Every structure is written in C-alpha cells, then in structure tokens.
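The values are calculated or read from the model by the stated rules, or taken from the named source; none is laboratory data. The structure displayed is predicted, hence computed values, not measured ones. For neighbour counting, all protein chains shown are included, and Cβ atoms are generated from backbone atoms with ideal geometry for every residue, glycine included.
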2 protein chains.
Amino acid sequence: MAKKIGQQTIVLDKQPIILSGAGIVGKKEGDGPLARFFDNIIDDEYAGEKTFEAAESRILRDAYIKALEKSGKSASDISIILSGDLLNQCTAASYAFRDVDTPYLGLFGACSTMSESLAIASMLIDGGSVEYAVCAASSHFCSAERQFRFPLEYGTQRTPTSQWTVTGAGAIILGKDGQGPKITCVTPGKIMDEGIMDSNNMGAAMAPAACDTIMNHLQDTGRTIDDIDMILTGDLGKFGSEMLKDLMLRNNIDLKNKHKDCGTMIYDLETQDVDCGGSGCGCSAVVFSTYILDMFMQGTIKRLLFIATGALLSPTRIQQGETIPGIAHAVLIEA
Amino acid sequence: MAKKIGQQTIVLDKQPIILSGAGIVGKKEGDGPLARFFDNIIDDEYAGEKTFEAAESRILRDAYIKALEKSGKSASDISIILSGDLLNQCTAASYAFRDVDTPYLGLFGACSTMSESLAIASMLIDGGSVEYAVCAASSHFCSAERQFRFPLEYGTQRTPTSQWTVTGAGAIILGKDGQGPKITCVTPGKIMDEGIMDSNNMGAAMAPAACDTIMNHLQDTGRTIDDIDMILTGDLGKFGSEMLKDLMLRNNIDLKNKHKDCGTMIYDLETQDVDCGGSGCGCSAVVFSTYILDMFMQGTIKRLLFIATGALLSPTRIQQGETIPGIAHAVLIEA
C-alpha cells in the first residue's frame, strides 16, 4: 500500500509501469533536435481539420491511439483516461476523447498536466482502483497564441523572455503490470505565487514552484541530487531554468549538470527563433513520451525526477492586475 | 484494496468518510428554499473583492476554511486539495488556494467537478496515498455569464431552457477515518456527445451522460433504483431532468420519485425567475455539501448516488459549429 513520507511525497507500493508513450508534433518541433524520436510530424498546422482547436484535439487523439498501439493493449483494457490542455474549458482533451468509450477525468494543471496525470494515475493504479490508464496532454501554438495573447494575424512582437507554445500531443499508457520503467514516488506540488506579473515570462512564474517541489521531494525521500540521473522540468525555458538553478543554490543545492528542461531541449534555441524555448502542456508531454522514454529503453538513465511545471496564467486576472501563480508536480521514474 | 466491478465501477475497500461540508452562496441562492442550510450568504456579489473572479476565489476559499473548521482537522492534516471551477484556466480555484500550503490537484469537469473531486479523492484515500483531502468547487453568476455568454450590462434575454449559474462554493473534507457518511463506490463517467448545439440548453447536453453513468452504475453493482434512497444529479435543471427520466425509461428504468436535481432544488422555480433552474460547479457543490449532508445527519437518507453532471461547453468550439459534449461522474454514499 502507498505510504506518505515527509511533507508531501507518496511512496508507491506496486510501482505502476510505463508501458508505452507516443508523441505527435508540428512542423517547427519536427525541425528541432528531437525530430527522430517523434512518432509523427504534421506538416499542416490544421492537421486536416478546419480549426486550430480541432487540430489540437486531432493530434491528442492520434497520440493516444499510437501509444495504445505500442503498448499492446486494446482500448477496452484501459480503465481511465486522464488528460487536459491549455484551451479554455480544456476543450482539446474533451473533444479528443468524446468518441472514446472509456471513463475520463479532466485535469487542469496548465503545463504541469503531464506530470499531474502521471501522478494521479500512478496513485490510482497503486491503490487498485485502476488497472491501465492513459495519461495525455496537448498544446498547439496557433490555438494558444490567440487565446492567451493575440491573434496570429496581428504579427505581435515577442519579448526576449517569451516562450514558444509547442504544437504537440503526448500520451502514455500506464499499467499495473508489463515491461517498462516504473513510477515509484509522487510529489504533488503546491500553488506558488512569487508576484510575477509579466505574462511573457512564464519561466519566472513557474521556477519557484519547481524549486519548491524538488526541494520537498529531496527532503521527503532523504535523497540528494547525486542519487538522481536527471531532473527534468517541464518547460521553464532558458530564463526559467537559470532562475531555478539560482533558487536551488539559495537553498544550498547545486543542480550541477543534472537539470534538463523540456522547453530548452525541444528546439534549437540558437537557430529556431523561439526566444527562451518551448512551452505548453504538449512540450513536456511529447519530450517525456518519446525522447525520455527512449533514454530509459537505451539504459542511458535509470532514475529520473520528472517535474512538469505550470503557469496558472489567466488573461482575465492579468488584465485585472493580478500576479501569476505556478505549480509543479513531480514523479520519480526508475528503470 | 479497491476492486473494479463490471464496466466502470470501483468498489472501495476502506470507504473514505465525509467528515464535514460547507457551502457559501450569493443573495439569490440565499433567497431560495435551501437558505437555512448554507453556512454563509453573501449580500455583496463582489464578496468584498474588486472583481467577480476574485469574489469567486474568495467564497471558494472561505468554504474550504469553514469545512476545515467543522471537520475538527487543521490545515496541516490535509494531504491534498482537489478543486476546479468554470472559469477559463480554472482561475477561481488556483487563486483561492495559492496561499494555502497544501499540495493541489487542479480538475476540469465543468459542473461535474464536485463529484469528480470526490471520486478521485476517495480512490486516493482508499489506496493509502492520501489521508485527508479537500474536495471543492465553485461558480459565480457574474463571472460565468460574461465568460460563457454576454456581459451582464447587455441585459441579454434568456431562453426558456437556460439555467441560472449559481453563485456558490462548496467544500468537503474527506478522510480515512472519523465520523460521517462513507463513499463506498465510484463510477467515473465517459464523455458523451449527442449532438446538442444550443448553448442555452445545458440540461440536454448533460442528460445523456447522466443516464449513461447511472445505467452503468446500476448494471455494475447489480442494484436497482429501489436499492437507492436518492439519485441526485448535479444540475440538469427542469428540462434536463425530464430528459433524463425519459432516457432512463427508454432503458426500461423508471426513476420514480427517487430522482432529485440540485439545479431544481436550489431555487424556487416558480418565483425566482431562473428558467430551468440552477447550474454551475457551485450548484451541486453547495447543495451536496450542506443540505444533502444534513439529510445524512438527520438519517433521512442512507444511500445516495450523487452524479454531478458537466456540459463541456466551449464558446470557441460552439462558434466553430461544434456540438456540446457532456460528462457525469457518480459516487455512492452510504450512512
């Protein structure tokens, strides 16, 4: 049976297994350094649909189908789908899974959705409520820009701290048995708000939450950075990653070369004109579901702390003069 | 340990306990038939804040504090908060809990959020991952109207099938031990879309999902309507309730006088000018957290199937010509 240790970490007993993962991305992501790991790269940003929003649902659904295929399981083996996205009313996920005959739990964790879904699903599997689960998340540059910032047609200038919303969808099949890396620990995060008001600086809004969750995870488990092969954050981007490093140093922890960030890995920051890197629920979802799972398969890493980070940004509240809260959920994955 | 039975029902082993509940509402709800059960009725729709959105966060936070107080637990006893609301980016919940030093899981289930949070929390407690949890949801007439329909200042006419978004927040403290009714079974729902396109007819969008979840729950547990004291739906309203009754009859099940709907109970439909009744995450959240818990305390009911129902309505997708998917999650509560 699962057991809480320390302040906010849960040690899982049955250690749910990641059976498979799949990631589908857009053209820009397909031009980036991780291209060969993705299951599909769509050339058309509409993915054959009539709107960007429908396109996002389409790639999310396709990622789920691909992950299912790879897992060797059938749709009827799946007890539950846990998913979410950045669109208002999490509409990418709702519409992606409306024709799927499987119970569905909608999540909102902004860009932390992928690790939130893995955290909840692994606890549900550990507790016996669920046998096999789908964890999935998506984002789309075009649907996100017009919702959070401006219509693309405006050609708005970007600031140096801004991040590029990834067009991508990732899906993981998690199960009570099978072959693959295991989720052994979960550290759900608290909402942190350090007063950031710049909606073009998501990294700064999320870094304090990432720092808090990592600190708590290490303290709860009694581990140090040296015990972990890689600390993978969701999408802090370049600026947010530097901020995380600095915040950790203030807590006397040197991340050394252990820290990687999905937002800085998915694009070539020198050549792809993405400012501080990638963001969006789809960013960590596709990087984790493809490249990182491949590292486990190759044996390159054996213990990974995955912390997807979310800026709980509300354009309405920003217009009202509010600050941006952040959240970060961690799952420990072991070979 | 929890056990799945039939297609989509989970029978809980340790049967988490509802330690307390609290509900805070606005003036219109305070003028309704359930007034005496609410913990607080706010006269000012701003709840002392500067915006409707901030007011919603405020009442949600106050409901959490009140429920905590009644439970005899302290904030540090709580392992996790599960919450959500109707606002874009679920901002009522994020801002309500950003100063609370407790891990947080954000949910999006539209008006099904209250039973979604109870379903997940009870499975987490059953599995040992969580000891005590907060389940909470909110809505606010003024913040919802301007987001989903039109600014209030327009004075838009309402259609006969429309429902009135409840200004209210409900919170439940759920725990592994203590005194109170127990959650014994969970039936998470599937997303159903029967092609409803009228965003002023949420009841019709949700009724098929409610029917599907109830049917599956009965089939999985081998129970009949006669085994349950009350079937409580979230906020189908008057029209949606009639539709549910009809859909159930087509499946050869007569709901008889067992069915009640939070949306038709919270207002006096004859005198309060709310058309088909109440809606919004806060509707089922406050009715369940106050009036229904009181019925358990009085011994009036002993076995209740609570099915909060959500219309996964996206104004953007509606403008694009899409239909409205619905979802309904059920929890079985026993004295």
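With the structure loaded, tell me whether residue A:120 is facing another protein chain (nearest Cβ under 9 Å), within 18 Å of the chain's Cα centre (by Cα) and not charged (D, E, K, R) or whether it fails that test.
The answer is yes for residue A:120.
Among the residues of the range A:287-335, which ones are among the aromatic types (Phe, Trp, Tyr) and in contact with a Pro (Cβ under 7 Å, 6 or more places away or on another chain)?
A:296
Give the residue, chosen from B:165, B:221, B:213, B:156, that is surrounded by 15 or more Cβ atoms within 10 Å (Cβ to Cβ) and not assigned by TED's automatic domain parsing to the domain that holds residue B:265.
Within the list B:165, B:221, B:213, B:156, the selection yields B:165.
Residues that are touching a residue at least 60 places away in the same chain (Cβ under 8 Å), touching a helix residue (DSSP H, G or I) at 6+ places or on another chain (Cβ under 6 Å) and under 24 Å from residue A:169 (Cα atoms): does the range A:242-263 have at least one?
Scanning the range A:242-263 turns up at least one residue that is touching a residue at least 60 places away in the same chain (Cβ under 8 Å), touching a helix residue (DSSP H, G or I) at 6+ places or on another chain (Cβ under 6 Å) and under 24 Å from residue A:169 (Cα atoms).
May I ask you to list pairs of residues, at least six apart or on different chains, whose Cβ atoms are under 6 Å apart, with the first in the range A:311-322 being more than 7 Å from chain B (Cβ to nearest Cβ) and the second being among the polar types (S, T, N, Q)?
Short answer, once both residue conditions are applied: A:318/A:199.
Taking the condition more than 14 Å from chain B (Cβ to nearest Cβ), within 14 Å of the chain's Cα centre (by Cα) and not aliphatic (A, V, I, L, M), does residue A:306 pass?
For residue A:306, the condition - more than 14 Å from chain B (Cβ to nearest Cβ), within 14 Å of the chain's Cα centre (by Cα) and not aliphatic (A, V, I, L, M) - is met.
Which ones in the range A:71-95 are more than 7 Å from chain B (Cβ to nearest Cβ) and touching a Phe, Trp or Tyr at 6+ places or on another chain (Cβ under 7 Å)?
A:73, A:77, A:78, A:81, A:83
What single numbered condition from (1) modelled with pLDDT under 95; (2) buried (at least 24 other Cβ atoms within 10 Å of the Cβ) fails to hold for residue B:81?
With respect to (1) modelled with pLDDT under 95; (2) buried (at least 24 other Cβ atoms within 10 Å of the Cβ), residue B:81 is out only on (1).
Tell me which residues, restricted to the range B:108-117, are in contact with an Asp or Glu (Cβ under 8 Å, 6 or more places away or on another chain) and either within 7 Å of chain A (Cβ to nearest Cβ) or of a type in the set (D, E, K, R) (or both).
Passing the criteria: only B:109.
Looking only at the range B:93-131, count how many residues are crowded, with 24+ Cβ neighbours inside 10 Å and either of a type in the set (A, V, I, L, M, F, W, C) or farther than 25 Å from residue B:235 by Cβ (or both).
Counting residues in the range B:93-131 that are crowded, with 24+ Cβ neighbours inside 10 Å and either of a type in the set (A, V, I, L, M, F, W, C) or farther than 25 Å from residue B:235 by Cβ (or both) gives 21.
Does residue A:198 fit the bill of being part of a loop (DSSP other than H, G, I, E, B), closer than 27 Å to residue A:148 by Cα and assigned by TED's automatic domain parsing to the domain that holds residue A:291?
Against the criterion (part of a loop (DSSP other than H, G, I, E, B), closer than 27 Å to residue A:148 by Cα and assigned by TED's automatic domain parsing to the domain that holds residue A:291), residue A:198 qualifies.
Specify which of the listed residues (B:11, B:25) is among the β-branched types (Val, Ile, Thr), buried (at least 21 other Cβ atoms within 10 Å of the Cβ) and not assigned by TED's automatic domain parsing to the domain that holds residue B:190.
The conditions single out B:25.
Residue B:272 passes all but one of (1) within 13 Å of chain A (Cβ to nearest Cβ); (2) out of contact with any Leu (no Cβ under 9 Å at 6 or more places or on another chain); (3) among the polar types (S, T, N, Q); which number fails?
(1)
Take residue B:115 and tell me if it is hydroxyl-bearing (Ser, Thr, Tyr), in contact (Cβ under 8 Å) with a residue 12 or more places away in the chain and over 14 Å from residue A:105 (Cα atoms).
No: the conditions fail for residue B:115.
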